[in-house]
There are 2 protein chains.
Amino acid sequence: VSPPEVEALLFDVFGTVVDWRTSIARELEAFWAPRGIERDWDAMARAWRSRYQPAMEAVRTGRRPFAKLDLLHRENLLGMLEEFGLPGLAEAELDELNRAWHRLDPWPDSAPGLTRLRRRYILAPCSNGNVRLMVDVARHGGLPWDTVLGAEAAGAYKPQPQAYLGSIAFLDLPAGACMMVAAHNGDLAAARAVGLRTAFVPRPHEHGPGQTKDLAPEGPWDVVAPDFEALATALGC
Amino acid sequence: VSPPEVEALLFDVFGTVVDWRTSIARELEAFWAPRGIERDWDAMARAWRSRYQPAMEAVRTGRRPFAKLDLLHRENLLGMLEEFGLPGLAEAELDELNRAWHRLDPWPDSAPGLTRLRRRYILAPCSNGNVRLMVDVARHGGLPWDTVLGAEAAGAYKPQPQAYLGSIAFLDLPAGACMMVAAHNGDLAAARAVGLRTAFVPRPHEHGPGQTKDLAPEGPWDVVAPDFEALATALGC
């Protein structure tokens, strides 16, 4: 890819920019341990996350109107707590626990890499996370976005075409001037199908030590880089 | 106002954060002078801007569907050039000149004041400018927004209620936890009518030495500050 032709970089966030698994495990422990509860926090984090795709699928298929990810996360939390046999919580406690997703830690290379990339490119998340969630995660982790795009702005969940196309419409750029950066081959395949350039940054520990998915590029991605610092170098920053 | 209750500050941009008049006059001169044209650049800038409200009014009244401000600016440019008896331009030249609005300089206190305010508050423009225009102005002037809200995100032009309410909906905040910051009493009156807190920062030179409007607060605004540094101090930053 010749970098000057790309004007904006769009980022997947959960897994690609931030380490949701260990962050959520830590938040679950911080919430429940003082209440005298012990569980496998990492398994609990993965169980909460496993309800993510089915919840969005109800929106994608039109079984329910668009709902912010914060709301889906909260519904999924109720199911996950029941699955793990945990006691009921007051509404305010559920809200507090659900905001764990607003405090996800970036991978160590994310903020420094983004800071370099921003010198040359417009940077925006194109995540399924809603705007306020993305704003809070960015403030928590020092992520220098130019603006927040993605599912809520576009009114559609990835990998639906409208999630990408609705996002880049706000930038007044043709798809070919935008590059999707993700740790997930499926996300890149969907972005490429509507004309975006693609960059694969593998995150082999996203799902834990036994991860078998998305360890290597599985498509003709324009750039493959081991982390965001290397991505910045590859893109001339 | 008691600052901890406010979580987000929304900003008018043209006039409040940036000095559109002298910036546009400079851009007009830089474009036309090398073409051997001399005019009153300040008058020309004001003439271009004077077509702004009527153009948005066509959207507000439903005479045309929502159109980005970049498009309205470009239509207005054609009328303004004719008004000043200027020669016709190629499409690419019109696009180039229209992008003058993407390079507006902030007032000297804007970036340092916003940088202080951002420590405590979520900051977003709530401007009639479209997202890409706001992104470019922020990159040009070093304005540390958390995300871009406003007319394009909300699908309505200020002072319509939906421009404010649609913006704060992305932040999942009640209106009373948001404060509109503007140099224009009318903008603040509209924001206050839908429940936002208000801060008035006068910009007595926005329209030039003969400015008669918006020199003083004309409503029960929560905060009045002479510039953004003083606003940061007033809001505990």
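The values are calculated or read from the model by the stated rules, or taken from the named source; none is laboratory data. Since we're looking at a predicted model, the values are computed, not measured. When we count neighbours, we look across all protein chains shown, and the Cβ atoms used for this are built from the backbone with ideal geometry, even at glycine.
Of all residues in region B:130-142, those satisfying the criterion of being touching a strand residue (DSSP E or B) at 6+ places or on another chain (Cβ under 7 Å) and either without any contact (Cβ under 8 Å) to a residue 12 or more places away in the chain or buried (at least 22 other Cβ atoms within 10 Å of the Cβ) (or both) are B:Met134, B:Val135, B:Val137.
Among the conditions (1) surrounded by fewer than 24 Cβ atoms within 10 Å (Cβ to Cβ); (2) out of contact with any Phe, Trp or Tyr (no Cβ under 8 Å at 6 or more places or on another chain), A:Gly155 misses just one, which is (2). Determine whether region B:172-188 contains at least one residue that is within 11 Å of another protein chain (Cβ to nearest Cβ) and either under 28 Å from A:Ala124 (Cβ atoms) or crowded, with 23+ Cβ neighbours inside 10 Å (or both). Checked against the condition, which is being within 11 Å of another protein chain (Cβ to nearest Cβ) and either under 28 Å from A:Ala124 (Cβ atoms) or crowded, with 23+ Cβ neighbours inside 10 Å (or both), region B:172-188 yields at least one hit. Answer with yes or no whether A:Glu152 is closer than 24 Å to B:Leu173 by Cα and not β-branched (Val, Ile, Thr). Taking the combined requirement at face value, the residue satisfies it. Looking at A:Ala111, is it in a helix (DSSP H, G or I) and surrounded by fewer than 23 Cβ atoms within 10 Å (Cβ to Cβ)? So A:Ala111 passes the test.
Quick one: which of A:Ala156, A:Ala124 is more than 8 Å from chain B (Cβ to nearest Cβ) and more than 18 Å from B:Leu149 (Cβ to Cβ)? A:Ala156 is the lone residue from the list that is more than 8 Å from chain B (Cβ to nearest Cβ) and more than 18 Å from B:Leu149 (Cβ to Cβ).
When the test is whether a residue is surrounded by 18 or more Cβ atoms within 10 Å (Cβ to Cβ), more than 12 Å from chain A (Cβ to nearest Cβ), touching a Phe, Trp or Tyr at 6+ places or on another chain (Cβ under 9 Å) and not in a helix (DSSP H, G or I), B:Trp221 passes it. Entry remark, region A:159-171: residues being more than 12 Å from chain B (Cβ to nearest Cβ) and surrounded by 24 or more Cβ atoms within 10 Å (Cβ to Cβ) number 2 in total. Can A:His205 be described as within 14 Å of chain B (Cβ to nearest Cβ), surrounded by fewer than 17 Cβ atoms within 10 Å (Cβ to Cβ) and modelled with pLDDT of 95 or more? When the stated conditions are applied, A:His205 does not pass them.
Restricting region B:143-152 to residues that are hydrophobic (A, V, I, L, M, F, W, C), more than 8 Å from chain A (Cβ to nearest Cβ) and not in a strand (DSSP E or B), which is surrounded by the most Cβ atoms within 10 Å (Cβ to Cβ)? Top of the filtered list is B:Ala151. Within region B:81-108, the set of residues being farther than 25 Å from B:Trp145 by Cα, of a type in the set (Gly, Ala, Ser) and assigned to a helix (DSSP H, G or I) comprises B:Ala92 only.
Yes or no, residue by residue, for (1) over 17 Å from the mean Cα position of the chain (by Cα); (2) assigned to a loop (DSSP other than H, G, I, E, B):
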position: A:Tyr157; (1), (2): no, yes
position: A:Ser167; (1), (2): no, no
position: A:Gly176; (1), (2): yes, no
position: A:Ala199; (1), (2): no, no
position: A:Asp214; (1), (2): no, yes
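Every condition in (1) crowded, with 24+ Cβ neighbours inside 10 Å; (2) within 13 Å of chain B (Cβ to nearest Cβ) holds for A:Asp95 except the one numbered (1).
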